[in-house]
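**Student:** Pasting a structure below so you can have a look.
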Amino acid sequence: MDALKRRLNFDPLARPYRWLEYLTFGRALERCRFHFLPALTAAKHALVLGDGDGRFLARLLAANPDLHADVVDISPAMLHLLNERLTPEARERVTLHQMDARDFMPPETSYDLVVTHFFLDCLAEPELAALVDKIASRLQPGSIWVISEFAQPRGRVASLVGKVIVSVLYRIFVMLTGLETRSLPDHGAILQGHGFRLAAERQWLRGLLASQLWQY
Ligand SMILES: C[S@@+](CC[C@H](N)C(=O)[O-])C[C@H]1O[C@@H](n2cnc3c(N)ncnc32)[C@H](O)[C@@H]1O
């Protein structure tokens with residue numbers, strides 16, 4: 001298992017990631033990521049997992065001057081870009097953890113916000129369940145978990161097209177990063193099983209993309 005984890009490498013994707021995203025989905029993923037930003041301005045201590053090049057984190061810190069964040073990402077190159085994107089003042093409010101999120105032990109301090117944009121799909125269901133279990137133990141009642149993810153659209157044709165798109169994306173990520181996972185985990189069932197409730201959701205591209213706000 002440890003050998004598998006060591007092979008996971010998102011570094012080669014770090015610089016082209018943003019442009020590949022714009023080329024394939026235009027601004028749709030960004031709309032998804034930023035949709036619930038206005039609802040997050042009261043948060044004080046965030047856990048941000050797999051934020052990649054930091055586009056969301058930079059906006060979150062700018063919108064919320066009181067927020068401190070623990071940021072976990074396995075890729076040094078992604079974290080380098082993320083750090084470069086932050087203002088010197090914002091950097092003071094961020095602690096970077098370059099590590100596999102599956103090994104992350106949340107500190108004793110509690111979080112009132114968890115952020116995962118297009119990250120949960122990098123985990124297998126048992127890994128996600130273990131991670132949610134660890135994180136839930138560090139949350140206050142009323143804490144928010146904001147999520148962007150690919151999803152399965154409804155309707156026969158849309159669902160078929162969605163399956164093809166998700167499967168092609170997985171093939172590309174498996175090839176480029178060594179990702180082991182090949183299907184979307186059912187994060188909703190896992191979160192509900194840990195006491196979260198879906199408070200709000202917005203879908204795009206006929207349900208292929210979803211932004212969700214879960215409350216603990
Ligand atoms: C698909 S990218 C998503 C980036 C960004 N959050 C976004 O909205 O596009 C996945 C990110 O999660 C990180 N990542 C993937 N698996 C990880 C793991 N097991 N532990 C920590 N970070 C991981 C990658 O390095 C990358 O930055």
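**Student:** Somewhere in segment 137-149, is a residue open to solvent by 30 Å² or more (accessible area, probe 1.4 Å) and among the hydroxyl-bearing types (Ser, Thr, Tyr)?
**Tutor:** yes
**Student:** Which of the helices (runs of 4 or more DSSP H) contained wholly in segment 1-82 include at least 1 residues that are farther than 26 Å from Trp204 by Cα and either within 12 Å of the ligand (Cβ to nearest atom) or more than 15 Å from the chain's Cα centre (by Cα) (or both)? Give the steps one after another, and end with the answer.
**Tutor:** Details: elements: 2-7, 11-25, 28-34, 55-63.
By residue number, 2-7, 11-25.
**Student:** Cβ contacts < 8 Å: first residue in a strand (DSSP E or B), restricted to segment 123-140; second residue surrounded by fewer than 18 Cβ atoms within 10 Å (Cβ to Cβ), any location; separation 6+ or different chain. Result?
**Tutor:** What qualifies is Leu139/Ser110; Gln140/Ser110.
**Student:** For segment 30-42, give me each residue that is in contact (Cβ under 8 Å) with a residue 60 or more places away in the chain, open to solvent by 10 Å² or more (accessible area, probe 1.4 Å) and touching a helix residue (DSSP H, G or I) at 6+ places or on another chain (Cβ under 8 Å).
**Tutor:** Scanning segment 30-42 gives a single hit, Arg33.
**Student:** Right, next: Within segment 109-125, can one find any residue that is within 15 Å of the ligand (Cβ to nearest atom), surrounded by fewer than 20 Cβ atoms within 10 Å (Cβ to Cβ), more than 13 Å from Gly52 (Cβ to Cβ) and at pLDDT 95 or above?
**Tutor:** Checked against the condition, which is being within 15 Å of the ligand (Cβ to nearest atom), surrounded by fewer than 20 Cβ atoms within 10 Å (Cβ to Cβ), more than 13 Å from Gly52 (Cβ to Cβ) and at pLDDT 95 or above, segment 109-125 yields at least one hit.
**Student:** In addition: I'm trying to understand the selection: among the residues of segment 176-192, which are open to solvent by 30 Å² or more (accessible area, probe 1.4 Å), within 14 Å of the ligand (Cβ to nearest atom) and assigned to a helix (DSSP H, G or I)?
**Tutor:** Leu176
The values are calculated or read from the model by the stated rules, or taken from the named source; none is laboratory data. Being a predicted model, the structure only gives us computed values, none of them experimental. All Cβ positions, glycine included, derive from the backbone under ideal geometry; neighbour counts span all protein chains shown. Just the protein is used for accessible areas: all its heavy atoms, side chains included, with ligands, DNA and RNA removed. Shrake-Rupley method; radii C 1.70, N 1.55, O 1.52, S 1.80 Å.
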